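Okay, so here's the structure we're looking at.
No value in this document is a laboratory result; all are computed from the given coordinates. This structure is a prediction, so every number in the text was calculated from the model and none was measured. Virtual Cβ from ideal backbone geometry, glycine too; neighbours counted across all protein chains shown.
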Amino acid sequence: MHLALADTNNHSVVIEYINDEMIVIETPIVTNFYLAEGEKNGIGTTQSHERYDILMKTLSDNGVMSMEAVRDALDSVSKDNFSEFESTEWSIVFNQSTKTIHYYHRENYSNRYTFTIEEA
């Protein structure tokens, strides 16, 4: 299980639960494999690892990216580009400054759902 969290100070983490222990990993990206050290480290498909590596390189090469650029990067590594019989279930882009979230369902990157987080 993965849970990605980000805050308005540009911190991004993934929380994983292994052996009933919560482990927090600093990373701006999560795909479908375990990042935490331990018995589950690396469990996931080969293409999940490849998609993660491609996204990390894209981020490294580009630095700060617009929400549209991140969407396009996610589209470029969606499962349909890897001859997968399944589709990517969802992709989410966070704008940590504006507290805006763009949600894309089943590789339909032309249709987004937008959410804004408001302070209580």
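How big is the gap, in Å, between the Cα center of segment 80-107 and the Cα center of segment 12-74?
After rounding, the separation between the Cα centres reads 13 Å.
Any idea what the relative contact order of the chain is, in percent, if you count C-alpha pairs under 8 Å spaced at least 6 apart?
16 percent
For residue 22 and residue 115 in one chain, what is 0.36 nm times their gap in residues minus the Cα-Cα distance, to one decimal in nm?
Gain on stretching residue 22 to residue 115: 30.8 nm.
Which order results if 3, 55 are arranged by neighbouring Cβ count within 10 Å, fewest first?
Listing 3, 55 from fewest to most nearby Cβ atoms yields 3, 55.
Where a ≥ b ≥ c are the square roots of the eigenvalues of the C-alpha gyration tensor, would you call segment 1-70 rounded, which needs a/c under 1.5, or, failing that, prolate if a/b is larger than b/c, or oblate? Intermediate results must be reported in sequence, preceding the final value.
Working: a/c = 2.72, a/b = 1.41, b/c = 1.92.
Oblate, because a/c is 1.5 or more while a/b does not exceed b/c.
By counting other Cβ atoms within 10 Å of each Cβ, how are 33, 82 ranked from fewest to most?
By the 10 Å Cβ count, ascending: 82, 33.
Show me the three semi-axes of the equivalent ellipsoid for the chain, from the C-alpha gyration tensor (sqrt of 5 times each eigenvalue), largest first, rounded to whole Å.
Rounded to whole Å, the semi-axes are 22, 20, 14.
With +1 assigned to the C-beta of every Lys and Arg and -1 to the C-beta of every Asp and Glu, and no other charges, what is the dipole magnitude of segment 2-116 about the Cα centre in debye, to the nearest 20?
My answer is approximately 400 debye.
Just from its helices, what would the mean residue ellipticity at 222 nm be for the chain, if runs of 4 or more DSSP H residues each count -39500 (n - 2.57) and the sum is divided by every residue, rounded to the nearest 500 deg cm²/dmol?
Only helices count here, giving -7000 deg cm²/dmol.
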